[in-house]
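Q: Pasting in a structure now, in structure tokens, and then I'll have a few things to ask.
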Amino acid sequence: MSARLDGKVAYITGVARGQGRAHAVRLASEGADIVGIDLAGPLPGVPYDSPTPEDLAETQRLIEAEGRRAILVQGDVRDLAALKELSARATAELGGLDIVVANAGICIPTAWDAATPEIFGDHLDINVTGVWNTVMATAPALIERGGGSIVLVSSYAGKKVQPFMVHYTTSKHALVGMTRGFAAELGRHHVRVNSIHPGGVNTPMGSGNMQGALAAAAETNPSLMGMGTPFVPKWAAEPEELAGLVAYLVSDEASYITSEHISLDGGMQYF
Ligand SMILES: NC(=O)c1ccc[n+]([C@@H]2O[C@H](COP(=O)([O-])OP(=O)(O)OC[C@H]3O[C@@H](n4cnc5c(N)ncnc54)[C@H](O)[C@@H]3O)[C@@H](O)[C@H]2O)c1
């Protein structure tokens, strides 16, 4: 039996670790070759550990262990030229592009009056412009192929306020509008565009002093602390659960789903 994504090529940002790595391994296990990019170095201002080139190399190893090809590069989603160059490599070396997962992002918890222009700007530059860059660099290749599927990684903070993160919430809400805008114009080319909205996820984004930074911000207004409560008694998903959702969304089984915003958050958006 052929695999669901046999012959497909997927382009994934933020691929060095966490959800991006899980998407790469899952899509490869279903038959896709992978191109990916990650800063794989110091992230601006975050309280959690930054990824390394070794993390990126480990993702490469895991994709190849699935028997698929991988072109992974160190680079920045703020650099449109680098994203275009990788897209061109996908076409030249792997024959084209069918799937895009715009996953790279940062998250810095701070109370509203402790946020700096740098924090706000970095969130817009990476979480919004970086995602726009990703689609702009890849959509022509999907159109050239006769269609494809794009997934923008937002957050429950893209549907509901995540307290102590005005900048992050702003950036993730922007992706809802971006999903709809691209879906409207790319639909005639058989390109589908959807966003996904994870609640908590067990990734290195929660490492280092992330919990301390969240707790310190929460102390400024404890009445908001319960806003991220899930209905099911589990506080975070595993990255592989998000990867299962993405694998479905980019497959032909979801061929009539576009411009949709799908949560995987234990219900916390409605708490
Ligand atoms: N972990 C969570 O609880 C959670 C919840 C909801 C949404 N998200 C979102 O999911 C996505 C993946 O996050 P994760 O949990 O895997 O975190 P992570 O920090 O483990 O992984 C994010 C990856 O993106 C990369 N990245 C960051 N800025 C980049 C840039 N400018 N250029 C290239 N690569 C860059 C990082 O190097 C890192 O490898 C992010 O968009 C995040 O906002 C995470």
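Q: Is the chain rounded, prolate or oblate when judged by the Cα gyration tensor, a ≥ b ≥ c being the square roots of its eigenvalues, rounded requiring a/c under 1.5 and prolate requiring a/b larger than b/c?
A: prolate
Q: Report the calculated FRET efficiency for T220 and V161 (r = Cβ-Cβ distance, R0 = 22 Å), to the nearest 0.05.
A: 0.90
Q: Helix 239-249 versus the longest principal axis of the chain: what is the Cα-based angle in degrees, 0 to 90, to the nearest 10?
A: Rounded to the nearest ten degrees, it is 50.
Q: Summing +1 for each Lys or Arg and -1 for each Asp or Glu, what net charge is found among the other residues whose Cβ lies under 15 Å from the Cβ of A40?
A: Every neighbour counted, the sum reads -3.
Q: Taking only Cα atoms, what is the 0 to 90° angle, nearest 10, from helix 80-94's long axis to the longest principal axis of the chain?
A: With both axes taken from Cα atoms, the answer is about 40 degrees.
Q: Neighbouring Cβ atoms within 10 Å as the yardstick, rank E54, E240 fewest first.
A: E54, E240
Q: Further question on the same structure: For Cα pairs less than 8 Å apart in space and 6+ apart in sequence, what is the mean separation divided by the residue count of the chain, i.e. the relative contact order in percent?
A: Averaging sequence separation for qualifying contacts and normalising by length gives 21 percent for the chain.
Q: Highest GNM mean-square fluctuation, the chain, Cα pairs closer than 10 Å: which of G208, G31, G96?
A: Residue with maximal mean-square fluctuation among G208, G31, G96: G208.
Q: How far apart, in nanometres, would the label points at V73 and R180 be if each is projected 7 angstrom from Cα along the Cα-to-Cβ direction?
A: 3.4 nm
Q: Further, regarding this structure: What residues of segment 207-224 lie in the reach of a label at A236, counting those whose backbone N is under 14 Å from a point 7 Å from the Cα along Cα→Cβ?
A: 207-215
Q: Still on this structure, please answer the following. Amide H to amide H under 5 Å from S263: which residues, 5+ apart in sequence or cross-chain, H placed 1.01 Å off N in plane?
A: Distant-sequence amide H within range of S263: H197.
Q: Moving to a separate point now. Among L43, S195, G18, pick out the residue whose Cα is farthest towards the positive end of the charge dipole of the chain, where Lys and Arg carry +1 and Asp and Glu carry -1 on C-beta, about the Cα centre.
A: The Cα lying farthest towards the positive end belongs to S195.
Q: Answer rounded, prolate or oblate for segment 34-107, using the Cα gyration tensor with square roots of eigenvalues a ≥ b ≥ c: rounded when a/c is under 1.5, else prolate when a/b is larger than b/c, else oblate.
A: Note, shape of segment 34-107 comes out oblate.
Q: Calculate how steeply helix 18-29 sits against the longest principal axis of the alpha-carbon atoms of the chain, using the helix alpha-carbon long axis, and give the answer as 0 to 90 degrees to the nearest 10.
A: Taking Cα atoms only, the helix is inclined about 20 degrees.
Q: Please report how far the C-alpha centroid of segment 83-153 lies from that of segment 165-190, rounded to the nearest whole angstrom.
A: 11 Å
Q: Could you pull out every residue, at least 5 positions away or on a different chain, whose amide H is within less than 5 Å of the one on V193? Hs are placed 1.01 Å off N in the peptide plane, and Pro or chain starts have none.
A: I150, S259
Q: When the chain is treated as a GNM, springs tying every alpha-carbon pair under 10 Å, which of E93, E185, E30 comes out with the largest mean-square fluctuation?
A: Among E93, E185, E30, the largest mean-square fluctuation in the Gaussian network model of the chain belongs to E93.
Q: Could you sort out which of K172/K234; K159/K234; K8/K159; K8/K160; K84/K172 sit more than 29 Å apart by Cα distance in this structure?
A: Violating the 29 Å limit, Cα to Cα: K8/K159; K8/K160.
Q: Also, I was wondering about something else. With labels modelled as points extended 7 Å from the Cα through the Cβ direction, what inter-label distance (nm, one decimal) is found for D252 paired with S2?
A: Simple spin-label model gives 0.7 nm for this pair.
Coordinate-derived values only; no laboratory data. Since the structure is predicted, the reported quantities are computational estimates derived from the model, not experimental observations. Neighbour counts run over all protein chains shown; Cβ positions are idealised from the backbone, glycine included.
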